Amino acid sequence: MKIILIAATTLDGKISKATNEYVDWSLDLSLFKKQTLNHTIIIGSKTLATLRKPLLDRQVVVLDRNMNLEHVLAKISTPKCFIVGGTKTYSLFLKYITHLYLTPHPLFFGLKTKPIFENVHFNRKIQFVKKILAHKQKKIYQLQYKVYD
């Protein structure tokens, strides 16, 4: 199974301005929907609360602090599982991911914002696979990487 961390980020590695922010700045939402349909997504409860619409046609696993990550992953039956945020969820699953799908946006959020990761040490190899056009007019691309030991 592919375990894919998918995120829209700013150029300074941020995923939101505030914990309860509705993500209006992300220009890759249609690509996100296309890629995650009919697959499993793992999302933190705080991130889920920021969504304006339900994530239909996906198996949604809402992560809480008491869940065993290996048990969560063992129960997934789809060929792809997407880790969709937020910071704590991304950080917890970092050692399990097989792929990174990052869409950098030409923005800087600066201080007092939510980083993609916090308090983690990542010592794995990453190989660039391809880039996919996410927004034609703004020339936003999703960068895809394979992660391995």
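Worth pointing out:
- Here the Karplus relation 6.51 cos²θ - 1.76 cosθ + 1.60, evaluated at θ = phi - 60°, turns the backbone of the range 72-80 into coupling constants of 4, 5, 5, 7, 7, 10, 8, x, 10 Hz, with x for every Gly and Pro.
- Contact order relative to length of the range 2-148, as percent, for alpha carbon pairs under 8 angstrom and 6 or more apart: 35 percent
- The string of couplings for the range 34-50 from the Karplus curve (6.51, -1.76, 1.60, θ = phi - 60°) is 4, 6, 9, 4, 6, 10, 8, 10, 10, 9, x, 5, 5, 5, 4, 5, 8 Hz, one whole number per residue in order, with x for Gly and Pro.
- 3J(HN,Hα) along the range 87-98: 3, 5, 5, 4, 5, 5, 8, 3, 6, 9, 5, 10 Hz, from the Karplus curve 6.51 cos²θ - 1.76 cosθ + 1.60 with θ = phi - 60°, whole Hz, x for Gly and Pro.
- The GNM of the chain, with springs linking C-alpha atoms under 10 angstrom apart, assigns the highest mean-square fluctuation among Phe32, Phe108, Phe117 to Phe108.
- Where only alpha carbons of the range 2-148 are counted, the Rg and the Dmax (Å): 14.4, 43
- Eigenvalues of the alpha-carbon gyration tensor of the range 89-143, scaled by 5 and square-rooted, set the equivalent ellipsoid semi-axes at 23, 18, 8 angstrom, largest first.
- Built amide H within the under 5 Å cut-off of Tyr141, gap 5+: Ala134
- Seen from Leu29, the other residues with C-beta closer than 11 Å to its C-beta sum to a net charge of +2, counting Lys and Arg as +1 and Asp and Glu as -1.
- Summed side-chain charge close to Leu94 - residues other than Leu94 whose Cβ falls under 12 Å, Lys, Arg +1, Asp, Glu -1: +2
- Net charge of the neighbourhood of Gly13, taken over other residues with C-beta under 11 Å away and scored Lys/Arg +1, Asp/Glu -1, is 0.
Every read-out reported here was derived from the displayed coordinates using simple, explicitly stated rules and does not represent laboratory data. Everything numeric in this text was worked out from a predicted model, so none of it was measured. Cβ atoms come from the backbone with ideal geometry, glycine included; neighbour counts cover every protein chain shown.
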